[in-house]
C-alpha cells in the first residue's frame, strides 16, 4: 500500500511548541517519564532530544550510553501521530496528553516497590486505560 507524500509544513506545525513538554516515552520494554528537550524537523523527518525525568516506579533507562538523555527520530514515512501521541513505526511512542501523563505517573509511584515485571505491567495498563477509558 502506497502512503501519500507527507505534508511536511503541517507536520512541522504539529511538532512545534512541544519542547519542554513532559511525556511518557515507550521504546520496546523501556517506559519512562521524560521531557522533550528539543524538536527539529527537516524534509527527512523529525528528530527529538529527550531526557529521563527519573520518576519513582518507572524502569531505569540504563540501556543507553547516556542513560538520562537520548535522541529519537523518525522519517516522515515512518512518523505517525494522533491526538497527543507521536510514534515511529514499531520503535517508539510518545504520549503527550497531560492527563495521561499524570495518571501514569500516579500509577508508577503506587507500584514503585514492586518488581520490574509488575511495574512494567501496571504502567502499560495505565497507559492503555488512560488512552481508551471506555475499554476498562
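I need 48, 96 ordered by Cβ neighbour count within 10 Å, fewest first.
96, 48
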How large is the helix-only mean residue ellipticity at 222 nm for the chain, computed as the sum of -39500 (n - 2.57) over DSSP H runs with n ≥ 4, divided by its residue count, in deg cm²/dmol to the nearest 500? -8500 deg cm²/dmol
Shape of the stretch 64-136 from its Cα gyration tensor (a ≥ b ≥ c, root eigenvalues): rounded if a/c is under 1.5, otherwise prolate when a/b > b/c, or oblate? oblate
Of the candidates 27, 113, 19, which one comes out as most mobile in a Gaussian network treatment of the chain with C-alpha springs shorter than 10 Å? 113
Please work out how much length the chain gains when fully extended from residue 19 to residue 99, using 0.36 nm per residue of separation minus the C-alpha to C-alpha distance, in nm with one decimal. 27.0 nm
Any idea how far apart residue 54 and residue 73 come out in nm if each label point goes 7 Å out from Cα toward Cβ? 2.8
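In nm, what is the difference between 0.36 nm times the number of residues separating residue 35 and residue 106 and their Cα-Cα distance?
Net length gain for the segment: 23.9 nm.
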For the residue 117, residue 47 Cβ pair and Förster radius 30 Å, calculated FRET efficiency rounded to 0.05 is 0.40
Evaluated at q = 0.12, 0.17 Å⁻¹: base-10 log I(q)/I(0), Debye formula over Cα of the chain: -0.47, -0.91
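Read-outs: derived from the displayed coordinates by stated rules, not from any lab. Please read all numbers here as calculations on a predicted model, not as lab measurements. When we count neighbours, we look across all protein chains shown, and the Cβ atoms used for this are built from the backbone with ideal geometry, even at glycine.
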